[in-house]
């Protein structure tokens, strides 16, 4: 079973995403901000990161940039999951970091489909 890090300072969003991922058969680890996320990436073997943009201490852009700049984590898929639609799409379109973008306003199946696409098929229940 794969492990996914959900990074969001909003507890309700953490719960929503965690439920979606758990139903997919994935293990979920949660971080409340970017600093905590980077620490958890170092201490866990992760298969994907779902990352909010607006967070205290370190925003999602900075976290994503650090992950993609590090040789050890540069291939770790990152899904930007945010309500900041225009800024995030611009960031992703220019391929500065994230592997995918999903709006928090989307249907849960869109997030699940994006995650399935990025993960190896053997990690996710059909």
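The values are calculated or read from the model by the stated rules, or taken from the named source; none is laboratory data. What you see is a predicted model; the values in this text were computed from it and never measured. Note that each Cβ is placed from the backbone with ideal geometry, even for glycine, and that neighbours are counted across all protein chains shown.
A few points about this structure:
- Index of the failed condition, residue 56 passing every other in (1) closer than 16 Å to residue 104 by Cβ; (2) touching a residue at least 24 places away in the same chain (Cβ under 8 Å); (3) out of contact with any strand residue (DSSP E or B) (no Cβ under 9 Å at 6 or more places or on another chain): (1)
- Taking the criterion of being out of contact with any helix residue (DSSP H, G or I) (no Cβ under 7 Å at 6 or more places or on another chain) and within 21 Å of residue 105 (Cβ to Cβ), the only residue of region 22-48 that qualifies is 23.
- Scanning region 39-53 for residues that are free of Cβ contacts under 8 Å to residues at least 40 places away in the same chain and surrounded by fewer than 18 Cβ atoms within 10 Å (Cβ to Cβ) gives 39, 40, 42, 43.
- Within region 17-38, the set of residues being crowded, with 17+ Cβ neighbours inside 10 Å and assigned to a helix (DSSP H, G or I) comprises 17, 18, 20, 21, 34, 36, 37, 38.
- Checking residue 109 against (1) assigned to a helix (DSSP H, G or I); (2) modelled with pLDDT of 55 or more; (3) over 19 Å from residue 13 (Cα atoms), the condition it does not meet: (3)
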